[in-house]
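Structure first, commentary second.
The values are calculated or read from the model by the stated rules, or taken from the named source; none is laboratory data. The shown structure was predicted, so the numbers you read here are calculated from the model rather than taken from an experiment. Because the Cβ atoms are built from the backbone with ideal geometry, glycine has one as well, and the counts that use them run over all protein chains shown.
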């Protein structure tokens, strides 16, 4: 009856003829693709959860068996989704490659300082580029083989030793589109630089995220960390850092700026919200 329905409807809702009822206790971190007329045409549930999602929010994990690509209607373009940590996991990327994904969408809300140490114990942006550039490599890249496991390890300064990850499968992902949410939620910081990376003639290797050397200067045991591709577009950070300074000095200055963005800081919540775009051509 309408009287029973009203018991479950928020007081600000005017139409009280219906209400939504949960059909499961599961809650997923989900990314949707919408059609121009607002219909949901594709969804991906996050498989690899970070500690706060699993322990605090008690989210449920998606399943690898559910992963699919989305063919953009009227084109031969196949799009896939890797929500945040999923894009760092080699096995996850392999599955999307094997399904023929061309463009990887990596939506992110990085709950942590962009200028500081990341969850694995390295400089945050040094960890981050493993996802945005590692996901488009066809030969190898330098990164962590099991970040989804390492993040849960305690009592270690560095939770994962970076190593050479060989690409032993057929590669299809050509571009990575990584929008980053920024802003403070009470005392939780969300920060990052929005970017599009790819393997085409426009890719720039003479730039990088803050506090990192140019891509062409990133080496591990004498080999390039990422031998292919680069930034098609790299959004700015909230502050300009003089890249002629030493890396140590760049990182020190960036940390000071980062602190000022936090709750109660001189530049509290003055993040840059970036919109970037690029024409992506897939042969």
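Some notes on this structure:
- Selection count, the range 244-283, where residues are over 24 Å from the mean Cα position of the chain (by Cα), under 19 Å from residue 206 (Cα atoms) and either assigned to a loop (DSSP other than H, G, I, E, B) or in contact (Cβ under 8 Å) with a residue 40 or more places away in the chain (or both): 3
- Annotation for the range 38-48: no member residue is without any contact (Cβ under 8 Å) to a residue 12 or more places away in the chain, farther than 30 Å from residue 91 by Cβ and surrounded by 13 or more Cβ atoms within 10 Å (Cβ to Cβ).
- Filtering 197, 188, 125 for residues that are under 19 Å from the mean Cα position of the chain (by Cα) and modelled with pLDDT under 95 leaves a single hit, 188.
- Matching residues in the range 149-175 - criterion: being surrounded by fewer than 16 Cβ atoms within 10 Å (Cβ to Cβ), closer than 30 Å to residue 71 by Cβ and in contact with a strand residue (DSSP E or B) (Cβ under 7 Å, 6 or more places away or on another chain): 166
- Any hit, the range 64-82, residues being surrounded by 15 or more Cβ atoms within 10 Å (Cβ to Cβ) and within 20 Å of residue 159 (Cβ to Cβ): no
- Residue that is farthest from the chain's Cα centre (by Cα) [pool: residues in the range 94-111 that are surrounded by fewer than 18 Cβ atoms within 10 Å (Cβ to Cβ) and within 25 Å of residue 272 (Cα to Cα)]: 111
- Filtering the range 220-240 to residues that are surrounded by 17 or more Cβ atoms within 10 Å (Cβ to Cβ) and assigned to a loop (DSSP other than H, G, I, E, B) leaves 225, 226, 228, 229, 235, 237, 238, 239.
- Selection within the range 182-208 - closer than 13 Å to residue 238 by Cβ and assigned to a loop (DSSP other than H, G, I, E, B): 182, 191, 192, 193, 194
- Members of the range 141-160 found to be within 14 Å of residue 88 (Cα to Cα) and either touching a residue at least 12 places away in the same chain (Cβ under 8 Å) or touching a helix residue (DSSP H, G or I) at 6+ places or on another chain (Cβ under 8 Å) (or both), listed by number: 141, 142, 143, 144, 145, 146, 147, 148, 150, 151, 160
- Selection count where residues are within 23 Å of residue 69 (Cβ to Cβ) and in contact (Cβ under 8 Å) with a residue 40 or more places away in the chain, scope the range 188-209: 7
- Taking every residue in the range 176-187 that is exposed (fewer than 14 other Cβ atoms within 10 Å of the Cβ) and pairing it with any residue that is at pLDDT below 95 and assigned to a strand (DSSP E or B), at least 6 positions away or on another chain, the pairs with Cβ-Cβ distances below 9 Å are 185/111.
- Within the range 55-85, being in contact (Cβ under 8 Å) with a residue 60 or more places away in the chain and in a helix (DSSP H, G or I) holds for one residue alone: 85.
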